[in-house]
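Enquirer: Have a look at the structure that comes next, please.
The values are calculated or read from the model by the stated rules, or taken from the named source; none is laboratory data. Since the structure is predicted, the reported quantities are computational estimates derived from the model, not experimental observations. In this analysis, Cβ positions are derived from the backbone assuming ideal geometry, glycine residues included, and neighbour counts consider all displayed protein chains. For the accessible areas, the whole protein counts, side chains as well, though only heavy atoms, and no ligand, DNA or RNA atoms are used. Shrake-Rupley method; radii C 1.70, N 1.55, O 1.52, S 1.80 Å.
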Amino acid sequence: RDSSEHRVRVRYGAGRIDVAATSSPLLYAMTLRYDEATSTPLHSYDSTARVLTVGVDGQSDRFSRNLGDKSKGEMRLSLSRRVPMDLSLALGATRATLDLGGLDITALELESGASETVVDFSTPNQGRMRTLAADIGAASFEARNLANANVAKVRIHGGVGGVELDFGGQWQQDMDVNVDLALGKLTLHVPRDVGVRVEVEKFLASFDEQ
């Protein structure tokens, strides 16, 4: 009923999470599989402040490391293409596949712990995104088709792990990207027809251009 901009907060501690767009006349649709002895589903909505909070509460990285794959939870979240969103995700020990193509994201914030995360803008973002910020722990992070995000500023802070950024897609504006990686490997894929300026500060590291 309300297509004004919303803040969407997603919390998920352990297991697999998939996020994608939906054309259904819903703000969101969520399917969960979780251990009710250790976890509590989150699904609160403040219609006045336009804040949606979904996910699972009570999970912990320590608990998840003691579980087999069959015991871990699963979350599938569909978000409306019709509603502009300030989207934030707090992920723990997860395998995350986030296809954000076709949404109208005004800002994106991602925090992840010991996770494997793939963010894909498979189709262009419907609006202009102010910032895309990711804070990554001991994890692998891959972003695909970043040009489709239509974002002005990208800020990525990584602890230990690999970061891979693909700048394919439809370019609509210049993009300022800052990546701070403590220990690991950073890979950038830039189309040949895109102008790029690279500034590198490194310690006990190499920089290879191909």
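For (1) within 24 Å of Ser78 (Cβ to Cβ); (2) at pLDDT 90 or above; (3) in contact with a Phe, Trp or Tyr (Cβ under 6 Å, 6 or more places away or on another chain), each residue gets a yes or a no:
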{"site": "Ile105", "(1), (2), (3)": "yes, yes, no"}
{"site": "Asp120", "(1), (2), (3)": "yes, yes, no"}
{"site": "Arg128", "(1), (2), (3)": "yes, yes, no"}
{"site": "Ala134", "(1), (2), (3)": "yes, yes, no"}
{"site": "Gly137", "(1), (2), (3)": "no, no, no"}
{"site": "Ala143", "(1), (2), (3)": "yes, yes, no"}
{"site": "Gln172", "(1), (2), (3)": "no, yes, no"}
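Enquirer: Filter the stretch 99-119 down to residues that are touching a residue at least 40 places away in the same chain (Cβ under 8 Å) and either more than 20 Å from Ala152 (Cβ to Cβ) or in a loop (DSSP other than H, G, I, E, B) (or both), then give me how many there are.
Expert: So the answer is 7.
Enquirer: Search the stretch 108-138 for residues being of a type in the set (Val, Ile, Thr) and touching a strand residue (DSSP E or B) at 6+ places or on another chain (Cβ under 6 Å), and hand back the single one that is nearest to Arg81 (Cα to Cα).
Expert: Filtering the stretch 108-138 down to residues of a type in the set (Val, Ile, Thr) leaves 117-119, 123, 131, 136.
Add one more test, that the residue is touching a strand residue (DSSP E or B) at 6+ places or on another chain (Cβ under 6 Å), and what stays is 117-119, 131, 136.
Values: Thr117: 22, Val118: 20, Val119: 17, Thr131: 19, Ile136: 27 Å.
Top of the filtered list is Val119.
Enquirer: Which of the residues spanning the stretch 139-151 are in contact with a strand residue (DSSP E or B) (Cβ under 7 Å, 6 or more places away or on another chain) and small (Gly, Ala, Ser)?
Expert: As a first pass, look at the stretch 139-151 and keep what is in contact with a strand residue (DSSP E or B) (Cβ under 7 Å, 6 or more places away or on another chain): 139-146, 149-151.
Within the stretch 139-151, Ala139, Ser140, Ala143, Ala149 qualify.
Enquirer: Might you check whether a residue that is open to solvent by less than 50 Å² (accessible area, probe 1.4 Å) and of a type in the set (S, T, N, Q) occurs anywhere in the stretch 109-116?
Expert: Here is the first cut: in the stretch 109-116, the residues open to solvent by less than 50 Å² (accessible area, probe 1.4 Å) are 110, 112-113, 115.
Those left that are additionally of a type in the set (S, T, N, Q): 112, 115.
Taking every residue of the stretch 109-116 in turn, at least one turns out to be open to solvent by less than 50 Å² (accessible area, probe 1.4 Å) and of a type in the set (S, T, N, Q).
Enquirer: Tell me, please, whether a residue that is in a strand (DSSP E or B), within 12 Å of the chain's Cα centre (by Cα) and more than 27 Å from Val198 (Cβ to Cβ) can be found in the stretch 120-136.
Expert: no
Enquirer: Next question, about the same structure. Is it the case that the stretch 148-161 has a residue that's of a type in the set (S, T, N, Q) and open to solvent by 40 Å² or more (accessible area, probe 1.4 Å)?
Expert: Initially, the stretch 148-161 is screened for residues of a type in the set (S, T, N, Q), giving 148, 150.
If we keep only those that are open to solvent by 40 Å² or more (accessible area, probe 1.4 Å) as well, we get none.
The answer is no, given that none of the residues of the stretch 148-161 is of a type in the set (S, T, N, Q) and open to solvent by 40 Å² or more (accessible area, probe 1.4 Å).
Enquirer: Another question, then. Considering only the stretch 155-172, I want to know if a residue exists there that is within 12 Å of the chain's Cα centre (by Cα) and among the hydrophobic types (A, V, I, L, M, F, W, C). Don't jump to the end; show me each part of the working.
Expert: Let us first name the residues in the stretch 155-172 that are within 12 Å of the chain's Cα centre (by Cα), namely 156.
Filter again for among the hydrophobic types (A, V, I, L, M, F, W, C), leaving 156.
Yes: one or more hits.
Enquirer: Now, a different point. Criterion first (open to solvent by 80 Å² or more (accessible area, probe 1.4 Å) and within 26 Å of Arg16 (Cα to Cα)) does Arg192 satisfy it?
Expert: Working: open to solvent by 80 Å² or more (accessible area, probe 1.4 Å): yes; within 26 Å of Arg16 (Cα to Cα): no.
No.
Enquirer: Please identify the pairs in which a residue from the stretch 173-187 that is under 13 Å from Met129 (Cβ atoms) and free of Cβ contacts under 8 Å to residues at least 40 places away in the same chain has its Cβ atom under 6 Å from the Cβ atom of a residue that is open to solvent by 80 Å² or more (accessible area, probe 1.4 Å) and in a strand (DSSP E or B), counting only partners at least 6 apart or on another chain.
Expert: From residues that are under 13 Å from Met129 (Cβ atoms) and free of Cβ contacts under 8 Å to residues at least 40 places away in the same chain, the pairs are Asp176/Lys153.
Enquirer: Where in the stretch 18-80 are there strands (runs of 3 or more DSSP E), lying fully within it, with 3 or more residues that are β-branched (Val, Ile, Thr) and modelled with pLDDT of 90 or more? Give the steps one after another, and end with the answer.
Expert: On the way: elements: 28-33, 40-46, 51-57, 74-80.
Where strands (runs of 3 or more DSSP E) fall fully within the stretch 18-80 and carry at least 3 residues being β-branched (Val, Ile, Thr) and modelled with pLDDT of 90 or more, they are 51-57.
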